[in-house]
């Protein structure tokens with residue numbers, strides 16, 4: 001128990017000093033001295049900044065998936081040779097169903113659809129049923145849908161990251177949270193409005209032909225001719241409040257862009273966005289404009305018409321200009337959004353928070369002060385109560401604080417406001433181990449044991465309770481981490497690391513020191 | 001130098017003699033607390049009910065103009081705000097529940113935030129917005145549910161651990177002590193209508209951990225004494241164990257209270273509720289490990305036989321506990 005060979009002592013000192021050294025950069029920055037190395041991150045509540053939680057509209061993913069499946073089914077059956085003809089294809093309740101014109105083609109149709117149904121990934125994406133001989137029913141599988149949502153979220157997270165990077169803010173933290181949420185933290189940003197409007201924009205750009213056959217009175221009532229749909233003008237445009245009918249098929253999407261830049265229209269000095277298509281997109285755009293010279297086409301952003309100019313001549317260079325009554329700022333924002341790609345799914349802000357920098361600085365100052373005063377009181381109390389053993393415990397306590405800081409820095413953990421409380425609490429609780437041990441030594445001495453035997457029994461008997469007590473604290477901290485979010489997690493992390501470092505310093509290190517002293521001084525009495 | 005002794009040697013207080021009255025009082029307090037939580041309700045923060053919270057500091061004024069502020073903000077038509085002084089007299093927290101038509105509409109709640117902030121800024125030129133948070137109804141509901149799950153799981157998991165390490169009676173005793181601590185703390189929050197948010201749940205989970213420290217120390221001593229004094233009557237043995245560990249209990253509670261007091265008095269104002277909850281919990285937890293966790297063993301009928309066949313396993317665990325690797 002009290003036997004510490006040299007290699008073990010060296011190893012323990014090495015661990016201690018390494019952890020303490022890791023704390024130096026953080027301590028340096030508190031004192032205003034620059035020491036290179038990883039530091040403890042400050043959470044938003046301490047550093048100041050904005051946090052927003054975005055939630056994806058998963059129903060939309062399901063709907064989009066259904067729409068593209070519809071198109072794929074039509075295409076595949078039409079392109080089969082000989083073509084497989086089908087009756088009306090209807091989709092309701094998330095399912096697609098259609099009737100084959102010729103029931104003898106059931107097996108071939110099934111064959112053709114199989115690749116679509118199985119999808120390209122490891123999970124089957126749709127269930128295919130044939131009812132009443134020739135009616136096909138396609139139902140999305142849960143796995144397939146989950147996969148689609150997950151993919152959409154990955155893309156969305158990436159797009160969010162690109163957009164925030166384009167703003168030039170420093171060190172944003174963007175993480176997926178749960179299945180359908182993205183948490184964004186931007187330190188130092190005190191006004192999140194611009195960020196929110198940037199991330200709230202899906203930026204799905206479409207070019208669709210205007211259905212000129214639609215009657216104005218029908219459009220006003222929201223009735224679209226077959227094959228067309230009604231799209232409203234975007235707020236702020238000259239025709240805002242009215243709608244227009246566009247053809248559902250035959251348009252192109254603006255997701256194949258290589259660049260988008262805000263600029264000004266030469267004629268009226270209005271803010272516009274210049275876009276450049278990639279090769280394939282440019283070719284489609286050229287085809288569309290070449291085939292429809294003289295007709296109007298609508299530029300649609302996120303389901304709202306920006307403008308519907310006439311195609312005066314084919315646009316062959318792969319470059320186009322979007323005007324839509326922009327301000328310089330909104331045009332710039334749209335350019336950023338288009339450059340970063342469209343969000344595969346709409347995101348809405350479900351939670352947001354902003355902390356001013358003054359509040360955080362004040363919290364750190366007061367937290368440090370409380371920590372200083374609290375530790376001083378504990379050190380005095382322990383020192384006066386346990387004498388020499390108390391001094392060992394106190395050195396251990398100071399080392400514990402430094403090691404805790406060091407370990408947090410190495411793992412780049414984030415210190416939050418509740419984390420400061422965790423820190424202070426760790427100081428109060430860490431000495432519990434020493435109190436247990438020292439009280440036990442006192443007891444054993446009172447029973448008449450000699451110093452060495454009493455110390456040995458003290459450490460041995462107290463260890464059991466220390467171990468159990470720390471395990472229960474770990475259980476609480478782990479659950480806190482698992483269920484908590486943001487700042488509360490920061491608190492849980494401090495508690496967990498604190499438990500490990502405090503057992504190390506309060507039990508192992510003090511035992512080593514006491515053992516060394518006993519061997520050297522061979523005391524016959526111990527004031528405890 | 002004479003060393004400090006907070007608990008004199010050979011202290012022998014007959015704690016267990018008063019177990020019936022104390023138990024009755026505790027049982028009454030638990031029931032009263034639960035009743036309070038249900039009747040009076042907790043003053044739930046925006047984390048749990050959704051809504052908006054804005055922290056404003058008036059940089060040029062000594063005392064925040066609360067009355068004018070209330071008038072100004074209530075005039076916006078979003079319902080009656082809760083305005084409280086937070087920390088210093090020139091700092092206020094403004095809380096709004098989300099009106100029904102806004103609750104499920106993130107865009108509307110966003111507009112509401114902007115309106116409120118603009119109204120404050122235009123009326124009070126020295127107002128500085130320090131903290132602004134807005135939580136939608138959906139998220140807050142989830143936060144509340146997971147927080148309650150976390151509390152429940154923590155209590156169960158810890159009790160099961162105690163059961164495994166000791167005996168089932170000890171597990172039940174620990175669970176009782178935890179229920180006592182958690183319900184009394186929550187009862188206090190209901191009684192004084194202190195804001196109950198996510199941080200407070202974190203505080204309660206911390207209390208659960210630390211309150212168990214005391215319980216475990218007492219239990220560990222009870223187990224040790226049971227092996228040592230096989231013939232001793234249980235009430236006597238429990239008293240002995242509690243007295244033997246009393247010096248440690250007092251000392252540890254004192255060190256934790258000292259740092260908590262420092263945090264309460266000079267720490268950040270926004271941590272006040274959090275620290276107050278833990279402080280309260282430390283008191284309640286210390287009491288419960290003596291008066292809830294120990295006496296229940298008498299009623300559940302623990303005796304030294306519980307540990308005789310267990311010794312081998314116990315010894316093994318001891319080795320592990322000492323970290324002898």
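The values are calculated or read from the model by the stated rules, or taken from the named source; none is laboratory data. As the structure is a prediction and not an experimental result, all values here were calculated from the model. So basically every Cβ, Gly included, is an ideal-geometry build from the backbone, and we count neighbours across all protein chains shown.
If we only count helices (runs of 4 or more DSSP H) wholly inside segment A:1-119, which ones have 2 or more residues that are under 29 Å from the mean Cα position of the chain (by Cα)?
A:6-31, A:44-47, A:58-79
Does residue A:189 count as surrounded by 18 or more Cβ atoms within 10 Å (Cβ to Cβ), within 14 Å of chain B (Cβ to nearest Cβ), closer than 14 Å to residue A:49 by Cα and in contact with a helix residue (DSSP H, G or I) (Cβ under 7 Å, 6 or more places away or on another chain)?
Spelling it out, residue A:189 is indeed surrounded by 18 or more Cβ atoms within 10 Å (Cβ to Cβ), within 14 Å of chain B (Cβ to nearest Cβ), closer than 14 Å to residue A:49 by Cα and in contact with a helix residue (DSSP H, G or I) (Cβ under 7 Å, 6 or more places away or on another chain).
Per-residue answers, yes or no, for (1) at pLDDT 85 or above; (2) within 32 Å of the chain's Cα centre (by Cα); (3) in a loop (DSSP other than H, G, I, E, B):
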| site | (1), (2), (3) |
| --- | --- |
| A:317 | no, no, yes |
| A:331 | yes, yes, no |
| A:345 | yes, yes, yes |
| A:365 | yes, yes, no |
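Table: residues versus (1) in a helix (DSSP H, G or I); (2) in the same structural domain as residue A:329 (by TED's automatic domain parsing); (3) under 30 Å from residue A:304 (Cβ atoms); (4) at pLDDT below 85.
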| position | (1), (2), (3), (4) |
| --- | --- |
| A:127 | no, no, no, no |
| A:152 | yes, no, yes, no |
| A:170 | no, no, no, yes |
| A:191 | no, no, yes, yes |
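Restricting to segment A:397-417, give me the number of residues that are part of a helix (DSSP H, G or I) and either surrounded by 24 or more Cβ atoms within 10 Å (Cβ to Cβ) or within 13 Å of chain B (Cβ to nearest Cβ) (or both).
Total meeting the criteria: 9.
Does any residue in segment A:26-40 that is on the phi > 0 side of the Ramachandran plot come within less than 6 Å, Cβ to Cβ, of a residue that is surrounded by 14 or more Cβ atoms within 10 Å (Cβ to Cβ) and at pLDDT 80 or above six or more places away or on a different chain, and which pairs are these?
From residues that are on the phi > 0 side of the Ramachandran plot, the pairs are A:37/A:25.
Of the numbered conditions (1) at pLDDT below 80; (2) part of a helix (DSSP H, G or I), residue B:33 satisfies every one except a single condition; which is it?
(1)
Could you please give the count of residues in segment B:105-161 that are more than 9 Å from chain A (Cβ to nearest Cβ) and in contact with a strand residue (DSSP E or B) (Cβ under 8 Å, 6 or more places away or on another chain)?
Adding up the residues that qualify gives 9.
Please verify whether residue A:460 is within 7 Å of chain B (Cβ to nearest Cβ) and surrounded by fewer than 23 Cβ atoms within 10 Å (Cβ to Cβ), treating the condition exactly as stated.
In short, yes.
Looking only at segment A:134-150, which residues are at pLDDT 85 or above, in contact with a helix residue (DSSP H, G or I) (Cβ under 7 Å, 6 or more places away or on another chain) and more than 16 Å from residue A:116 (Cβ to Cβ)?
A:149
When you look at residue B:302, is it at pLDDT 75 or above and farther than 30 Å from residue A:367 by Cα, yes or no?
Here the answer is yes, as residue B:302 does meet what is asked.
Scanning for something out of contact with any helix residue (DSSP H, G or I) (no Cβ under 6 Å at 6 or more places or on another chain) and either assigned to a helix (DSSP H, G or I) or facing chain B (nearest Cβ under 8 Å) (or both), does segment A:430-440 turn up at least one residue?
no
Kindly provide the set of residues from segment A:444-457 that are in a helix (DSSP H, G or I) and either closer than 19 Å to residue B:212 by Cα or more than 7 Å from chain B (Cβ to nearest Cβ) (or both), ordered by number.
Matches in segment A:444-457: A:444, A:445, A:451, A:452, A:453, A:454, A:455, A:456, A:457.
It is to be established whether one or more residues within segment A:119-139 are in contact with a strand residue (DSSP E or B) (Cβ under 9 Å, 6 or more places away or on another chain), touching a residue at least 60 places away in the same chain (Cβ under 8 Å) and surrounded by 15 or more Cβ atoms within 10 Å (Cβ to Cβ).
yes
Among the numbered criteria (1) touching a strand residue (DSSP E or B) at 6+ places or on another chain (Cβ under 7 Å); (2) without any contact (Cβ under 8 Å) to a residue 40 or more places away in the chain, which single criterion is violated by residue A:338?
(2)
Among (1) in contact with a helix residue (DSSP H, G or I) (Cβ under 6 Å, 6 or more places away or on another chain); (2) touching a residue at least 40 places away in the same chain (Cβ under 8 Å); (3) at negative phi, which single condition is residue A:48 missing?
(3) is the only condition that residue A:48 fails.
Which numbered condition trips up residue A:466, out of (1) in contact (Cβ under 8 Å) with a residue 60 or more places away in the chain; (2) within 24 Å of residue A:374 (Cβ to Cβ); (3) more than 7 Å from chain B (Cβ to nearest Cβ)?
In the conditions (1) in contact (Cβ under 8 Å) with a residue 60 or more places away in the chain; (2) within 24 Å of residue A:374 (Cβ to Cβ); (3) more than 7 Å from chain B (Cβ to nearest Cβ), residue A:466 misses (1) alone.
Would you confirm, using the coordinates I've provided, whether residue B:285 is touching a strand residue (DSSP E or B) at 6+ places or on another chain (Cβ under 8 Å), more than 7 Å from chain A (Cβ to nearest Cβ) and in contact (Cβ under 8 Å) with a residue 40 or more places away in the chain?
So residue B:285 fails the test.
Return the residues of segment A:486-528 that are touching a strand residue (DSSP E or B) at 6+ places or on another chain (Cβ under 8 Å) and not in a helix (DSSP H, G or I); say none if nothing qualifies.
Across segment A:486-528, the qualifying residue is only A:486.
Can you confirm whether segment A:194-212 contains a residue that is assigned to a strand (DSSP E or B), surrounded by 21 or more Cβ atoms within 10 Å (Cβ to Cβ) and free of Cβ contacts under 8 Å to residues at least 60 places away in the same chain?
no
If residue A:30 satisfies every condition in (1) modelled with pLDDT under 80; (2) more than 17 Å from residue A:360 (Cβ to Cβ) but one, which is the exception?
(2)
Do we have residue B:251 as under 30 Å from residue A:419 (Cβ atoms), touching a helix residue (DSSP H, G or I) at 6+ places or on another chain (Cβ under 9 Å) and surrounded by 20 or more Cβ atoms within 10 Å (Cβ to Cβ) here?
Yes: the conditions hold for residue B:251.
Just to be sure I understand, how many residues within segment A:225-234 are within 16 Å of residue A:298 (Cβ to Cβ) and surrounded by fewer than 19 Cβ atoms within 10 Å (Cβ to Cβ)?
Residues meeting the conditions: 5.
Sort through B:200, B:222, B:256 and tell me the only one that's at the interface with chain A (Cβ under 7 Å from one of its Cβ atoms) and either more than 25 Å from residue B:160 (Cα to Cα) or surrounded by 24 or more Cβ atoms within 10 Å (Cβ to Cβ) (or both).
B:256
Would you confirm, using the coordinates I've provided, whether residue B:179 is surrounded by fewer than 24 Cβ atoms within 10 Å (Cβ to Cβ) and assigned to a helix (DSSP H, G or I)?
Against the criterion (surrounded by fewer than 24 Cβ atoms within 10 Å (Cβ to Cβ) and assigned to a helix (DSSP H, G or I)), residue B:179 qualifies.
Quick one: what pairs do we get from segment A:355-366, first residue more than 8 Å from chain B (Cβ to nearest Cβ), second outside any helix (DSSP H, G or I) and at pLDDT 80 or above, C-beta under 7 Å, 6+ apart or different chains?
Every condition considered, the pairs that remain are A:357/A:48; A:360/A:48.
Okay, residues lined up against (1) within 36 Å of the chain's Cα centre (by Cα); (2) under 25 Å from residue A:318 (Cα atoms):
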position: A:218; (1), (2): no, no
position: A:221; (1), (2): no, no
position: A:224; (1), (2): no, no
position: A:227; (1), (2): no, no
position: A:247; (1), (2): no, yes
position: A:251; (1), (2): yes, yes
position: A:254; (1), (2): yes, yes
position: A:261; (1), (2): yes, yes
